[in-house]
C-alpha cells in the first residue's frame with residue numbers, strides 16, 4: 001500500500017490556493033516522485049467561472065474568466081519531465097446538483113472533452129480522465145452522467161482510463177462551511193452497499209478506477225466500508241483504489257494536514273481490505289515540504305520514514321528467503 | 001492600475017497578529033516599497049480597549065490597556081526611512097454601531113485627533129487620515145460622523161487628505177464569525193447607488209478619497225458596482241480608489257491569501273471602470289514574503305512578475321511610438 | 001511571573017498535529033529550556049481511540065489504535081536530557097461528560113495509572129500527574145472524579161504532585177466548533193467562587209496545583225477571577241498557578257498564536273493577583289520558533305525580549321541596593 005497518485009487541487013473549491021508558479025510546481029513534482037507518486041490528477045479543469053486553461057468552450061458557454069496561466073499545459077509538460085501520468089479532471093459548473101440539470105452538465109463537458117483532447121491529446125503524459133462530479137448516494141441521474149461522460153472520454157482518447165472518487169455519506173459528511181465536524185447519523189453499511197451496487201452496475205463500462213474518499217466515516221467504521229467498496233468493485237470488474245485524504249476532518253480549522261498516525265491507520269485498513277493502490281487529496285497542500293502548511297513537510301518526512309522501513313523489511317524478507 | 005497603498009492591520013479586529021517587532025516591520029516596509037507601495041494606512045489606532053500607542057485620551061475615557069510598543073511612532077519613523085506616506089486611522093470603540101451612540105464616537109475621536117496631531121503631527125511622514133468606522137448602507141448618522149470627523153482631521157492638520165474604505169452590502173457581506181461565505185441576496189445596484197449618492201453628497205467637503213472594499217460581491221457583479229462608485233465619486237469631486245482585498249473570502253478558513261487570478265481579475269475590472277489607484281487590505285499578512293501565511297510570499301512573486309511585465313509592455317510601447 | 005511549564009498537546013483534541021518526530025521534539029525542548037520552561041505536561045495520554053503509548057489497558061478496554069511511536073517514553077527521555085519535569089496526563093474517553101459515567105472513567109484511569117507507573121515510574125523525569133478531565137462548573141461527580149484519581153496517582157507514585165487546569169465558564173466559553181467567539185453571559189464572580197469553594201474543599205487532599213485557563217473571560221474581567229482563584233487556593237492549601245493561554249480566542253480562525261500584548265497583559269494581571277507561576281497551552285504550536293504557525297516564533301522573540309528586560313531590571317535593582 002503506497003500512495004501512487006495525488007490530486008492537483010486546481011481550481012480549488014475550498015482550500016486556499018498557494019499561488020505557485022512554474023518553479024514551485026516543478027519542485028513539487030520532484031518531491032512527489034521522490035516518495036513514489038507517479039500520477040497526478042487535475043481535480044477539475046474549471047469550477048464555475050474559473051478555469052485552469054483558456055477553454056473556448058468554457059469561455060463561450062459559461063463566460064469563464066481568462067486564466068493568467070495555462071496550467072493544463074504546464075502540468076502535462078511537468079508530467080513528461082518527471083515521468084508521471086496526468087489525468088484530466090472535467091469541468092464542474094457548481095450548478096448541476098442544485099438544479100438537477102444533469103444533462104446540461106453532460107453536454108457541456110462532452111464539448112469540453114473534445115476541445116481538450118484536440119488541444120492536449122498529443123502529450124504523451126496525458127494518460128487518463130477524472131470525472132469531477134463527486135457524489136455519495138445513488139440517483140439514476142448521476143449514474144447516467146458518469147456513464148455518458150466516461151464513455152465519451154474513452155471514445156475520443158482511444159480508451160484511456162477513467163477515474164472516479166466518490167465519498168461515503170458518513171458522519172463527517174458535512175459542509176465545509178459548517179463549524180461542526182460530525183453529525184449524528186451516517187449512511188448504513190447496508191444502504192451504502194445497495195446504492196453503490198446499482199451505481200457500479202450502471203458505470204462498469206464507462207469507468208475504470210473508483211477511489212472512494214476515506215475521510216467521511218469514523219476511523220473504526222472505515223474497514224467495513226472499504227471491504228464493501230472492494231467487493232462491489234470486484235463484482236463489476238472495476239479497479240478499487242482508496243483516496244486516502246491527507247487533511248484532517250476532525251479539527252475546527254478547515255483544513256490542515258492530517259496527523260501521521262491517522263494516515264497510517266487508514267492506509268493499514270485499506271491494505272487489510274485488499275486494496276493495493278492509493279491516491280490522495282492532496283500532496284501539495286497537505287503532504288509536501290513546499291506546502292504553506294509546514295505540518296505537511298513533517299508529514300512528508302514521517303511518510304518517507306515509513307516507506308523506507310517498508311522497503312528495508314521487504315529486502316530483509318527477500319534475503320531471509322534466499 | 002497598481003497597488004499604491006496598504007493598510008497596517010493594527011489593532012487587528014479579526015486577523016491574528018503576527019507579533020512583529022521593529023526589525024520585521026522594517027523589512028516589510030522595504031518589501032512594500034520594492035513593489036511600488038508608497039502609502040501605509042493604520043487601519044485603526046485603537047479598538048475597544050486595545051491601542052497602538054499610549055493615548056492619554058483613550059486611557060482616561062476608555063480605560064484602554066497600556067501597549068507594549070508605540071506603533072504609531074514606529075510606523076511614522078519607518079515611513080520616513082522608506083519614504084512612504086503614513087495615514088492615521090481613528091479609534092473604533094466597537095460600540096457605536098450597536099448602540100447608535102454616534103455622537104459619543106465622534107466626540108471621543110475629536111479629542112483623540114487633537115492629541116494625535118499634537119504628538120505626531122510634526123513627523124513629515126504624517127500625510128493623511130483614515131476614518132476607521134466602516135459602513136455599507138446609508139444612514140443619516142454615519143454621514144454626520146464622517147463629515148464631522150473628516151472636517152476635524154482636516155482642520156487640525158492644515159487640510160491633510162481624509163480617506164474612507166466602505167464596503168458593499170453584497171452576497172459575501174457576512175460576519176467573519178459565520179461559517180458561511182455567502183448569502184442569497186445582496187444590495188441591488190440601484191439601492192447602492194441611491195444610498196451612496198446621499199452619503200457622498202453629505203461628506204464631499206470632509207473626505208478626499210473613497211476606496212471601496214472589492215471583496216463582498218461576486219466577481220461577475222463587481223464591474224457594475226465599481227462603475228457606480230466611480231460615477232458617484234466623480235459627481236461629488238471625490239477621488240475614487242479601490243481597496244483590492246488580498247485575502248480570500250470564498251474559503252472556509254477565515255482568512256488566508258487570495259489566489260493571484262482573483263486579485264488580477266479584480267484589478268483589471270477596476271481599471272476597466274476607470275479607477276487608477278488601489279490600496280489593499282493588506283500587505284503584511286496576505287501579500288508579503290515575510291507573512292506567516294506562506295501563500296502570501298508566492299502572491300508577492302506573482303504580483304512582481306505582473307508589474308515587471310507591465311513595465312516591459314510600457315517600454316515596448318514607448319519605443320514603438322518613438 | 002514567568003512561564004514555567006507548557007502542555008504537550010498529544011493526543012490533540014482540537015489543534016492540528018505538527019507531525020514531529022524525535023529530532024523536532026528534541027529541538028523544541030531545547031527552545032523551551034532557553035526561555036525558562038522547566039516542566040512539560042502531557043495533556044492526555046489518550047483521547048477516545050487514540051493513544052500516545054501502546055497501553056495494554058487502553059487497547060483491551062477501549063480498543064485503542066496502536067500508536068506509531070511511544071511518545072511517553074520519548075518525552076520522558078527528552079525531559080531527562082533537557083533536565084525538565086514531566087507530568088503525565090490521564091486518559092480522556094471523550095464520553096464521561098456526555099453520559100455521566102464518571103465512575104467508569106475513574107475505574108479505567110486507575111488501571112491505567114497502575115500500568116503507567118509500572119512502565120514509566122522509574123524514569124527520574126517522571127515528576128507528576130495531570131488530570132485531563134477539564135471542567136468549569138461544580139458538580140458532585142467531578143469532585144469525586146478528581147479526588148479519587150488524584151489520590152490514586154499520589155498513592156502509587158509516592159505522593160508525586162497532581163495538577164488540574166480547569167476553565168472559567170466565561171463569555172468565551174464556547175465550542176471550538178462554533179464560529180462565534182463569545183456569548184452574552186458568563187458565570188458570575190459569585191457563582192464561580194461558590195462552586196469552586198466546594199470543589200477545592202473536596203479535592204484538597206488529592207490535588208496539589210490548580211492552574212485555571214485564563215482565556216475564557218474578557219481581559220478586563222480576568223483580574224477578579226484570578227483573585228478569587230488565588231483566595232480559594234490559599235484557603236485550601238492548594239498551589240494557585242495560571243494557565244496563560246498562548247493562542248487567540250478572539251479570532252474567526254481557530255486557533256492561531258495570541259498577540260504578544262494580550263499575553264503580556266494576562267501575565268501582568270496574574271502577577272497583580274499574587275500568582276507566581278504560569279504554565280501555558282501551549283508552547284509547541286503557539287510560542288515556538290519551530291511551530292508551523294510562524295507567528296509563534298515572533299511571539300517567542302517578544303517573550304524573550306521581555307524576560308531579558310526583566311532580568312536587566314532585577315540586576316539593576318540589586319546593584320542599586322548594594
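Only one of (1) touching a residue at least 24 places away in the same chain (Cβ under 8 Å); (2) over 17 Å from the mean Cα position of the chain (by Cα) is not met by residue A:38, so which one is it?
(2)
Results for (1) under 19 Å from residue C:92 (Cβ atoms); (2) surrounded by 19 or more Cβ atoms within 10 Å (Cβ to Cβ); (3) at pLDDT below 95; (4) over 17 Å from the mean Cα position of the chain (by Cα), shown as yes or no for each residue.
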residue: C:132; (1), (2), (3), (4): yes, yes, no, no
residue: C:163; (1), (2), (3), (4): yes, yes, no, no
residue: C:174; (1), (2), (3), (4): no, no, yes, yes
residue: C:178; (1), (2), (3), (4): no, no, yes, yes
residue: C:189; (1), (2), (3), (4): no, no, no, yes
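Among the candidates B:16, B:54, single out the residue that is over 17 Å from residue B:284 (Cβ atoms) and modelled with pLDDT of 95 or more.
Details: B:16 fails: over 17 Å from residue B:284 (Cβ atoms).
The match here is B:54.
Considering A:10, A:24, which residue is in contact (Cβ under 8 Å) with a residue 24 or more places away in the chain, within 14 Å of chain B (Cβ to nearest Cβ) and closer than 30 Å to residue A:309 by Cβ? It would help to see each step written out before you state the result.
Values: A:10 fails: closer than 30 Å to residue A:309 by Cβ.
Testing whether each residue is in contact (Cβ under 8 Å) with a residue 24 or more places away in the chain, within 14 Å of chain B (Cβ to nearest Cβ) and closer than 30 Å to residue A:309 by Cβ leaves just A:24.
Exactly one condition in (1) out of contact with any helix residue (DSSP H, G or I) (no Cβ under 6 Å at 6 or more places or on another chain); (2) closer than 29 Å to residue C:271 by Cβ; (3) modelled with pLDDT of 95 or more is false for residue C:2; which is it?
If we test residue C:2 against (1) out of contact with any helix residue (DSSP H, G or I) (no Cβ under 6 Å at 6 or more places or on another chain); (2) closer than 29 Å to residue C:271 by Cβ; (3) modelled with pLDDT of 95 or more, just (3) comes out false.
Filter segment B:122-133 down to the residues that are part of a loop (DSSP other than H, G, I, E, B), touching a residue at least 40 places away in the same chain (Cβ under 8 Å) and out of contact with any helix residue (DSSP H, G or I) (no Cβ under 8 Å at 6 or more places or on another chain) and list them by number.
First, pick out the residues of segment B:122-133 that are part of a loop (DSSP other than H, G, I, E, B): B:122-125, B:131-133.
Checking the rest, the ones that are also touching a residue at least 40 places away in the same chain (Cβ under 8 Å) come to B:123-125, B:131-133.
Listed by number, the list holds a single entry, B:132.
When you check residue A:236 against the structure, is it closer than 19 Å to residue A:131 by Cβ, free of Cβ contacts under 8 Å to residues at least 60 places away in the same chain, more than 20 Å from the chain's Cα centre (by Cα) and surrounded by fewer than 22 Cβ atoms within 10 Å (Cβ to Cβ), yes or no?
yes
Kindly provide the set of residues from segment B:89-130 that are in contact with a strand residue (DSSP E or B) (Cβ under 7 Å, 6 or more places away or on another chain), modelled with pLDDT under 95 and within 17 Å of residue B:153 (Cβ to Cβ), ordered by number.
The answer is none; no residue qualifies.
Output the residues belonging to segment B:248-262 that are facing another protein chain (nearest Cβ under 9 Å) and closer than 21 Å to residue B:223 by Cβ. Outline the logic, then answer.
Going through segment B:248-262, the residues facing another protein chain (nearest Cβ under 9 Å) turn out to be B:248, B:250-262.
Answer for segment B:248-262, where residues must be facing another protein chain (nearest Cβ under 9 Å) and closer than 21 Å to residue B:223 by Cβ: B:248, B:250, B:258, B:259, B:260, B:261, B:262.
Only one of these is within 14 Å of chain C (Cβ to nearest Cβ), more than 21 Å from residue C:11 (Cα to Cα) and more than 19 Å from the chain's Cα centre (by Cα): A:295, A:272. Name it.
Numbers: A:295 fails: more than 21 Å from residue C:11 (Cα to Cα).
Exactly one residue qualifies, and that residue is A:272.
The values are calculated or read from the model by the stated rules, or taken from the named source; none is laboratory data. Predicted model only: the values in this text are computed from it and were never measured. Don't worry about glycine lacking a Cβ; one is built from the backbone with ideal geometry, like all the others, and counts go over all protein chains shown.
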